[in-house]
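This report refers to the structure that appears directly beneath it.
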Amino acid sequence: MMTLITFIPETRTFHLSNERLSYLFMIEEGGLLSHLYFGKKVKRYHNHMTYPRIDRGFSGNIPSINERGYSKDTLPQEFSGGHSGDYRTPSLMVKGVTGSYSVDLRYKSHRMEVGKPVLEGLPASFATVDEAETLIITLEDSLLNLEVELFYTIFKNQDIIARSSRLINCGNQNLIVEKVASLQIDFVAKDFDVISLPGAYANERHMERETIGYGIKTYSSKRGTSSHHMNPFLVLADKKTDEFTGDSYGFHLVYSGNHSFEVEKDHISQVRLVAGINDYGFEWHLGAGESFQAPEVLMTYSENGLNGMSQNFHHIIRDNVVRSKHRNKERPILVNNWEATYFDFNEEKLHPIVDEAKKMGIEMFVLDDGWFGHRNDDQSSLGDWQVWEDKFPNGLKHFADYVHKQGLKFGLWFEPEMISKDSNLYRSHPDYLMQIPGREPSPSRSQFVLDMGRKDVQDAIFTQLKLLLDEGYIDYIKWDMNRHLSDIHSLALIPNRQGEAGHRYVLGVYALLEKITSTYPDILFEGCSGGGGRFDLGWAYYMPQSWASDNTDALARLTIQYGTSLAYPISMMTSHVSAVPNHQTGRVTTLEARAHVAMSGVLGYELDLTKMSDSDKVDVIEQIASYKKIRPLVQYGDFYRLKSPKAGNETAWIFVSENQKEALLFTAHVLAHAQPYLSKTLLIGLNPDWDYRLEELPTGQLLGHSVGYFDSIYATQPMKNGSILSGDELMQMGIYNPIVRQDMATQLYYFKAID
Ligand code: DGJ
């Protein structure tokens with residue numbers, strides 16, 4: 001019994017809807033699929049949105065219909081083929097036996113299923129038969145003997161529609177696919193801004209907002225992975241939409257390779273978005289009877305501003321994308337030795353850090369890069385995943401046992417997709433390295449990329465990892481990737497199939513991950529790629545959390561974490577307290593500020609704990625105890641952005657529990673001023689009728705620099721613990737932000753409803 005998807009035969013209209021969303025499209029004359037609407041639920045649709053027939057001139061017509069007002073060039077469509085009269089950016093370009101790129105797609109049939117089909121070879125959202133329904137439309141190009149299946153899954157209790165496409169070569173000739181999108185959506189009469197998440201190494205995912213101009217703008221990665229540089233995520237928002245009110249449409253690609261989001265404003269100001277695998281260097285040979293599955297895009301609509309849109313994604317990712325058994329479980333507080341020791345460590349040197357971690361209440365020790373092969377710098381050993389005896393003379397298990405005896409879990413760093421020329425793997429299998437015959441492959445961080453599209457390469461890495469993982473002492477894996485793909489070529493493919501190498505790489509990595517995560521389901525995986533270079537939903541499917549950035553500076557993290565939250569839940573975003581001066585920016589911030597920012601994510605520490613002063617150690621103990629108290633609220637509460645770090649001198653966000661009984665407010669005042677303006681923060685998400693008490697959450701000292709005489713003039717104190725305030729007071733009147741004579745002055749306020 002279909003309750004979420006209806007087909008109205010008289011008007012040939014499909015209506016997907018749950019309690020809050022509607023998505024409508026129809027089969028137009030000649031079998032073209034015409035998009036009608038995506039947005040807030042429409043209870044009863046009366047077929048008035050059929051696209052007006054207007055002769056635009058130079059917008060050609062459909063053969064056999066030949067009506068001047070009816071053109072593929074202007075009709076809002078669900079999925080357009082190239083070179084057949086729609087001059088906008090297409091979703092599909094295929095070369096068939098005629099040698100032309102023309103694709104003419106017409107409706108053939110449709111079917112509906114309860115639940116959600118699995119996407120072969122690709123990570124995707126999942127749903128039980130009670131959670132979602134799926135509509136599958138089959139389009140066909142009868143000349144090419146090509147069928148295109150369009151998948152639309154609507155979730156019952158999530159404001160999400162998942163879309164993807166699948167090609168099937170039904171003929172007996174090879175087809176060459178030059179481009180295949182996952183999603184196309186056409187909007188009519190909408191004046192949007194685009195919000196994207198561009199970035200760089202150590203400066204990932206900062207929110208950028210711009211107007212859409214005429215022409216096409218592409219937001220993409222050509223780096224072989226999703227990259228630090230442009231996240232595979234995009235928002236179309238009404239001009240007036242802010243964090244709290246207004247319409248926004250979010251699009252999230254579940255894929256970790258080259259991607260593109262093309263936004264086109266056409267000659268009559270209609271807007272098209274086409275998203276999926278980047279067609280740069282892509283070419284797929286689809287043999288007779290073969291199929292090609294394009295990755296999935298999750299899309300959402302919210303009328304409650306950008307926060308509403310983000311929360312929709314936070315919920316679906318936590319519940320229906322992260323597949324691991326650690327999904328929705330509290331994540332351990334870890335200490336990682338990377339910034340503490342870099343490559344300069346051995347078992348003996350690590351023991352005191354573990355001892356200190358235990359005293360502080362830390363729950364896991366993570367051994368980072370440098371434990372294998374003969375790796376003492378970044379020049380060697382990638383591909384040789386055997387423990388280096390010089391550093392661990394009694395074996396790694398011996399050390400892991402020590403960690404376990406202290407009551408901590410043990411985590412280990414790997415970079416499985418990479419190879420160093422100075423490695424046994426390279427010496428025995430130089431062909432495993434991705435390279436173009438006759439050309440020197442380009443190094444990056446002195447390392448090279450394994451051709452993961454090859455099954456033998458996947459097996460060689462799996463066999464090595466298995467030897468270690470079978471010993472059963474590894475509780476967590478940090479899966480790193482410290483360069484991008486450049487010499488995209490596979491020695492296992494013939495020359496005219498090299499356009500497949502990039503996507504085959506991604507499929508190969510997914511296949512390896514599928515095998516590892518299903519063989520070792522208890523291991524918690526953390527994604528990493530030189531910080532947050534592969535922070536995407538393909539990765540989230542396998543890895544419940546990811547290292548947000550190598551930049552651990554508290555100030556820089558404001559922008560990174562604020563931007564990341566636009567698309568990803570807090571439970572995915574790891575954040576560490578590191579030493580000062582900060583290793584990336586040289587900035588000195590208080591331990592408290594560093595902790596407040598890191599406690600706004602999945603908390604960890606990344607510094608030599610033994611070198612901290614006694615008073616700092618006491619503060620860390622308090623921070624950890626406090627974080628344990630608020631951890632479910634931070635990792636699984638509703639998160640709202642309040643003040644953007646890009647907008648001024650202040651940043652604020654808040655976590656509110658689902659039952660509204662608890663809230664944690666974070667505020668940061670970046671630069672201190674001699675003559676400061678007073679500012680307030682208005683809370684959100686509380687129950688206006690309840691009273692809340694401010695409870696103590698010890699995290700260290702709010703320092704403020706004492707400069708004698710001036711103290712009496714300026715010190716506004718943070719609110720006192722035990723203060724009682726009502727929800728409406730906090731949300732309507734707000735609170736004054738304290739004035740502290742110190743840069744990067746941060747506060748955490750923990751409110752609990754009074755029963
Ligand atoms: C990059 C990661 O982001 C760091 O945390 C660290 O693991 C290094 N790689 C190790 O090479």
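The long axis of helix 501-519 is offset from the longest Cα principal axis of the chain by roughly 60 degrees. Computed from backbone phi, the HN-Hα couplings of segment 72-80 come to 5, 5, 10, 4, x, 10, 8, 6, 10 Hz, rounded to whole numbers (Karplus: 6.51 cos²θ - 1.76 cosθ + 1.60, θ = phi - 60°; Gly and Pro given as x). Between 0 and 90 degrees, the angle of helix 455-469 with respect to the longest Cα principal axis of the chain falls at about 30 degrees. For the chain, adding -39500 (n - 2.57) for each run of n ≥ 4 DSSP H residues and dividing by the number of residues yields -5500 deg cm²/dmol at 222 nm. Give the shape of segment 334-547 as rounded, prolate or oblate, defined through the alpha-carbon gyration tensor: a ≥ b ≥ c are the square roots of its eigenvalues, a/c under 1.5 means rounded, and otherwise the shape is prolate if a/b is larger than b/c and oblate if not. Verdict is prolate for segment 334-547. As a calculated quantity, the FRET efficiency between residue 439 and residue 65 at R0 = 60 Å, using C-beta atoms, amounts to about 0.70. With a Förster radius of 51 Å applied to the beta-carbon distance between residue 53 and residue 130, the computed FRET efficiency rounds to 0.75. Sparse packing (at most 14 other Cβ atoms within 10 Å of the Cβ) combined with a DSSP loop state is found for the following GluC sites (Glu not before Pro) in segment 258-336: 290. For segment 220-325, DSSP calls about 95 percent of its internal beta bridges antiparallel. Projecting label points 7 angstrom from Cα along Cα→Cβ for residue 351 and residue 8 puts them 7.6 nm apart. The loop-placed trypsin sites (Lys or Arg not before Pro) in segment 555-624, going by DSSP, that have at most 15 neighbouring Cβ atoms within 10 Å of their Cβ come out as 587. By DSSP, the beta bridges lying fully in the chain are antiparallel in about 80 percent of cases.
A simple spin-label model places the labels of residue 214 and residue 696 6.6 nm from each other, with each point 7 Å out along Cα-to-Cβ. Please work out the FRET efficiency for the pair residue 44 and residue 109, using the Cβ-Cβ distance as r and a Förster radius of 25 Å; give the result to the nearest 0.05. Given R0 = 25 Å and the Cβ-Cβ separation, E is 0.45. Karplus-based coupling profile of segment 166-176, in residue order and whole Hz: 9, 9, 9, 7, 8, x, 10, 10, 5, 10, 10, with θ = phi - 60° in 6.51 cos²θ - 1.76 cosθ + 1.60 and x standing for Gly or Pro.
Looking at segment 465-514, the GluC sites (Glu not before Pro) that sit in a DSSP loop and have at most 12 other Cβ atoms within 10 Å of their own Cβ are 471.
Considering only chymotrypsin sites (Phe, Trp or Tyr not before Pro) in DSSP loops that have at most 11 other Cβ atoms within 10 Å, the longest stretch of the chain without any of them is 215-676. Measure nothing but the geometry: give the 0 to 90° angle between the long axis through the Cα atoms of 305-320 and the longest principal axis through the Cα atoms of the chain, rounded to 10°. That works out to roughly 90 degrees. Note on residue 118 and residue 514: the extension gain reaches 141.2 nm, defined as 0.36 nm multiplied by sequence separation minus the Cα-Cα distance.
No value in this document is a laboratory result; all are computed from the given coordinates. Values in this document were obtained by computation on a predicted structure and should not be read as measured data. Virtual Cβ from ideal backbone geometry, glycine too; neighbours counted across all protein chains shown.
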